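Student: Supplied in structure tokens, the structure appears directly below.
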Amino acid sequence: MRLLGNHVQRRSSLILAIVLLALLATACGASTTDPAAIDHGTMAGMDHTTMAGTTLPGDVSIETVHASYLDIASNINDLRSRVAQWQAGDESSINIAKEKLERIEILLSSTTWPTSLGGAVAKTRQAVSSMNPALNGTNLQAAVVMAKVLGDAAHDMTHDFYGAWLTQVTGQPLPAMATHIIYLDLSANINDLKSRVSAWEKGDEASLAVAKEKAERIQVLIQVATATGTLTKPLSAIQQRLPAVSTALERKDVTVATAALKPFSDASHDLTHDFYAWLGTTAGSSDPACAQAAYIDLSGNITDLKARMTAWEQGDTSSLNIAQEKMERIQAVLAHTNWPVPMAAAVGKTTAAVQAAAPVLAKPTPATSAAALKTVSDSMHDVTHAFYNDYLPQAKVAMHTPAGAEAQQPGVPAAVDDLTTGHSGSHGHAAEAAAASDDASKGWILGGFGAVNAMVIGTAAVLKTRKPARSRARKAAPQAIPSGGSAE
Amino acid sequence: MSTNLLQNRSLRRFLTSGLYPAVFQAVTAAVFVVIMFQLVLGPAAAHSNFGTAMTWVLWWPLIPIIFVVLGRFWCAICPFGTLSDLVQKYVGNNRPVPEFLKKYGIWIIDALFILITWADHVWGIVESPWGSGMLLLGLTTGVVVSGAFWQRRTWCRYLCFLGGLAGNYARAGMIALRADPAVCAKCKSRAVCFNGNEKGPGCPMFEFPRLMESNASCNLCAACVKTCPNDAIQITLRPPTKELWFVRKPKFEEAFLAIVIMGIVFVQNVTMLEVWNSLLQQLQQITRTDNYAVNFTITFIIAMGLPVTLFGLAALVARRFNDESVVVNLTKFGYAIIPLDIAGHIAHNLYHLLAEGKAVGFTALEMFGQQVDTASAALVPIPAIQVMQYGLIVLGALASLYAVYAISKNHYGQRRQRGALISYAALVAVLFGINVWLFTLPMAMRM
């Protein structure tokens, strides 16, 4: 009896230990929840609607998808041109191409993609992984082939993005913060339209089809932008002037198209002016989509600034004014954005560099401007690194499989409910809340595994303790010798 | 019989000591903990994750090579096996293996293996550290359940998806563990090698060395070497694939797994090729959906079905000559494809191992906060890898051809042998051709 008592005591201790382990595992799971999520939850009522991110069923954020798509498209273009440069003999392009590829990978994996883009994203992913061996093995021939494949995948993605995805979300109410990324896309397409019409005018017939495509995209983007409720005046002006351009393109009337482009161009200029004015008067949220849009804008403007200053140094005096305008925009973006913590140090350095460069560029000399620009450029390099390597992977702008994204049509009540009333995570920091909630769900999954395993072990321990002595005696006895090579 | 390696005193002393396999188990368990930690809590991007690199760039490519060289030695030191042993030691109920597992275990293994391969492609398990972590955690739970309730290594023998593969590959392995039948005939120890004694436990894999004919389930844990009072256990070297020539009791499910593995090698190769994108596009036009899961599943079924169909056709032809049914033909000759399976498997993974091998070092350095420049992760130039791949495929095809010949010769007389031999030789040639074609195309990387 005494022995049995000791045995039970030992087993009880073991069971107690297991139960504690289970509780610990569950608690560990819960504790991985980002405390920020709790903060945002309580802040929800305070930071309402104006800067709210749009989380759709399946935690797909319209703004994030848009920003990631633009960034990926841009990086794929850069990558392809780097491969082309490599083909032309520039060996240094290999490392830059690798960097671009890595960025594309990060963007693909850190974004929650809607189902309607799933096929194109999978294709792009496949193409990216196919490009890897070519670049790592410095196999130029394979890289050229893979660049073509990647270009095709990007083309499909663009087609699905504008043709399927944006059309789907058109008409849904969007937060003001979405203005930034939509503006960037709209602005790029408007510029492309203008240059394509110009090329067509000069005899490049192929540009006509591209111009038509751009006009269609602008039309879709205006409709999406209207849902933000911002910049209504310039958007309305563009919307009014676009049909004249589109009709002329359809009729293949280059003279009318060029003429129609002038008022359209003026409206787009007003849009840019109003956008940066709006940016200067609003405060950005720390939503990942906001940070993404701001990064793309900042990066683009700094590149333009450098190009304009180079042009100015080469004698193009008009470029100086444009460079100064770019500088103002850079300052506006830097000030507007609520930069996330992993980027804060690099952005701080850039802000200081920009502040130091601004007066220099007001009255520049080639020597002083070059030095000032170098500081800005170097610090921007740090921002880029922080954005792709530190911020995006941990921000996890996408943590969930894009299930349910197809249910985003306005007609689906659940989706509309989520968007109009704003569910728990969508007040101001949707993607952050989504990230936090993802961390939380991961924590619960891990805790769940721990708890299940502990329960199994606990149950086994209990059953073992209750096993009758007779059964144990039988276990101790030798087993029957199997007839075959094994117990089977 | 060739030289008994246990005649080497140092080796025998080591295998019979408490250090074996504990010392290896401790190392693999420690590495496993680091890998799990990295997969679940480490960098989200696969190319920066040490767990992903260790699992899919180092371990997964090495595992078929280990099976061929050392049989199922990995199973003896596998961290899952160690976990099962630990759970069993402290809370194990040691219940007998359920009959359904004994009866259908290999089918469960087949199904699990196919399911995991499918899931990897649809949900990107290899590309996602978190996904890989979830896979390993899921397996951990299965191991805990098995160890807590059932005897010995029920998981490894009847449920582990890798166990089925390991069993098949180990048949082609170079190491054989057998008992000396003459010594065993005089043994009065009441089968301590199966039941265990004070020197060690009984065979964890439910094997009875005296009657063993195959190394498919032996994990070389040396428990029988420790417990045998008569030193009857012998470990010998043998020509690779030799066991396949004399399978006395062939099983359809094992042969089926061997055939299906060829399909899995095809899927793994095809989806990593440049041609995959255009195939996918064509498939999308046919299915009228761009849903990747749907299109991949169709491809997967076709790839799985291709070797099965080809084998079925070969069996249909062969039955005219050997007067056996198609199923019996598949069962007997299915094993012959194992060398080509292994060659295709190793050749595919050789690419990941040698073209991405440095990623293990890079990610390890990154884990300790060291910045690594974007230098190439390749250990060997890609053309050199391709030469090795072709070499392996040729070796595999030759070994499969010889296995077809040996199986045919052992089962049938000279008259019935020739027709079947030609039929299966043609099959091996077709599969060889497909493999060679696949390896001529550029392949993607895992990291």
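Student: Quick one: if the Förster radius is 60 Å, what FRET efficiency do A:Asp266 and B:Tyr90 give, using the C-beta to C-beta distance and rounding to 0.05? Write out the running numbers ahead of the final one.
Tutor: On the way: r = 80 Å, r/R0 = 1.33.
Efficiency computed from Cβ-Cβ geometry: 0.15.
Student: Order these peptides, B:318-331, A:240-253, by their mean beta-carbon neighbour count within 10 angstrom, highest first. Please list the in-between numbers first.
Tutor: Numbers: B:318-331: 18.3, A:240-253: 16.8.
By packing density, highest mean first, the sequence is B:318-331, A:240-253.
Student: Next question. What spacing in nm lies between the two simple spin-label points modelled at A:Asp204 and B:Leu279, each 7 Å away from Cα in the Cβ direction?
Tutor: Calculated label separation equals 3.8 nm.
Student: Here's something else I'd like to know. Longer than 23 Å from Cα to Cα, which of A:Lys349/B:Lys358; B:Lys102/B:Lys249; A:Lys214/A:Lys374; A:Lys123/B:Lys358 are they? Say none if no pair is. Before the final figure, lay out each step's value.
Tutor: Values: A:Lys349/B:Lys358 34 Å; B:Lys102/B:Lys249 16 Å; A:Lys214/A:Lys374 35 Å; A:Lys123/B:Lys358 27 Å.
Table pairs above 23 Å Cα-Cα are A:Lys349/B:Lys358; A:Lys214/A:Lys374; A:Lys123/B:Lys358.
Student: Find the sum over both chains of the accessible area lost when B and A are paired, probe 1.4 Å, and report it in Å² to the nearest 100.
Tutor: On the way: alone 20400 and 23460 Å², together 39280 Å².
That pair of chains buries around 4600 Å² in total.
Student: Sticking with this one: Kindly state, to the nearest 0.05, the FRET efficiency for B:Asp231 paired with B:Lys409, given R0 = 22 Å and r defined as their beta-carbon distance.
Tutor: Details: r = 35 Å, r/R0 = 1.59.
Once rounded, the FRET efficiency stands at 0.05.
Student: Let me ask something else. Ranked by accessible surface with a 1.4 Å probe, highest first, in what order do B:Cys156, B:Cys187 come? Walk me through the numbers on the way to the answer.
Tutor: On the way: B:Cys156 15, B:Cys187 50 Å².
Sorted descending by solvent-accessible area, the residues read B:Cys187, B:Cys156.
Student: Quick check for you: with a 1.4 Å probe and neighbouring chains kept, what is the accessible area per residue of chain B, in Å²? Don't jump to the answer; show the numbers that get you there.
Tutor: Details: 18150 Å² over 447 residues.
Ligands and nucleic acids excluded, the result is 41 Å² per residue.
Student: Still on this structure: log₁₀ I(q)/I(0) of the stretch A:175-302 at q = 0.18 Å⁻¹, via Debye over equal Cα point scatterers, no solvent, to two decimals?
Tutor: With one equal scatterer per Cα and no solvent, log10 I(q)/I(0) is -0.92.
Student: For every other residue with a beta carbon closer than 9 angstrom to the beta carbon of A:Met177, add +1 if it is Lys or Arg and -1 if Asp or Glu, then tell me the sum. It would help to have the intermediate numbers written out before the result.
Tutor: Numbers: positive: none; negative: A:Glu63, A:Asp287.
Net charge in that neighbourhood comes out at -2.
Student: How large a share of the accessible area of the stretch A:146-294, in percent, is made up of carbon and sulfur atoms when the probe is 1.4 Å and the other protein chains stay in place?
Tutor: Working: 3160 of 5810 Å².
After summing per-atom areas, the C and S share lands at 54 percent.
Student: Report the calculated FRET efficiency for B:Thr289 and B:Tyr390 (r = Cβ-Cβ distance, R0 = 35 Å), to the nearest 0.05. Don't jump to the answer; show the numbers that get you there.
Tutor: Values: r = 37 Å, r/R0 = 1.06.
Computed FRET efficiency for B:Thr289 and B:Tyr390: 0.40.
Student: So what is the relative contact order of the stretch B:29-153, in percent, for Cα pairs below 8 Å that sit 6 or more residues apart? Present the calculation step by step, with values, prior to reporting the outcome.
Tutor: Details: 119 pairs, mean separation 49.8, N = 125.
For the stretch B:29-153, the relative contact order is 40 percent.
Student: Another question, then. Hey, any idea what % of chain B's accessible area is carbon plus sulfur with a 1.4 Å probe? Please report the intermediate quantities before stating the final value.
Tutor: On the way: 12200 of 18150 Å².
Within chain B, the accessible surface is 67 percent carbon and sulfur.
Student: Helix-only estimate, please: 222 nm mean residue ellipticity of chain B, summing -39500 (n - 2.57) across DSSP H runs of length 4 or more and dividing by its residues, to the nearest 500.
Tutor: That calculation yields -21000 deg cm²/dmol at 222 nm.
Student: Based on Cα coordinates alone, diagonalise the gyration tensor for chain B, multiply each eigenvalue by 5, take square roots, and list the semi-axes in whole Å, largest first. Present the calculation step by step, with values, prior to reporting the outcome.
Tutor: Values: eigenvalues 232, 189, 83 Å².
Output for chain B: semi-axes of 34, 31, 20 Å.
Student: For A:Thr368, A:Thr272, give me the order by solvent-accessible area with a 1.4 Å probe, most accessible first, ignoring ligands, DNA and RNA. Walk me through the intermediate numbers first.
Tutor: Values: A:Thr368 65, A:Thr272 20 Å².
These residues rank, largest area first, as A:Thr368, A:Thr272.
Student: In debye to the nearest 20, how big a dipole does the stretch B:112-269 give about its Cα centre with +1 on each Lys and Arg Cβ and -1 on each Asp and Glu Cβ? Write out the running numbers ahead of the final one.
Tutor: Working: 16 positive and 10 negative charges, 153 e Å.
It works out to roughly 740 debye.
Student: Tell me, what is the per residue accessible area of the stretch A:110-237 in Å², probe radius 1.4 Å?
Tutor: Values: 4170 Å² over 128 residues.
Computed with neighbouring chains in place, this is 33 Å² per residue.
Student: Note down the relative contact order for chain B as a percent, whole number, built from C-alpha pairs under 8 angstrom at least six residues apart. List each step's numbers first, then the result.
Tutor: Working: 697 pairs, mean separation 85.9, N = 447.
Once divided by the residue count of chain B, the mean separation gives 19 percent.
Student: Still on this structure, I have one more. Roughly how many Å² of A:Thr351 are accessible to a 1.4 Å probe, to the nearest 10?
Tutor: Per-residue accessible area (A:Thr351): approximately 40 Å².
Student: Heads up, I need the accessible area for B:Trp59: 1.4 angstrom probe, whole protein in place, Å², nearest 10.
Tutor: 60 Å²
The values are calculated or read from the model by the stated rules, or taken from the named source; none is laboratory data. Remember, it's a predicted structure, so these values are computed and weren't measured experimentally. With ideal geometry, Cβ positions are generated from the backbone for all residues, glycine too; neighbour counts draw on all protein chains shown. Note: areas computed on protein heavy atoms with side chains; ligands, DNA, RNA excluded. Shrake-Rupley method; radii C 1.70, N 1.55, O 1.52, S 1.80 Å.
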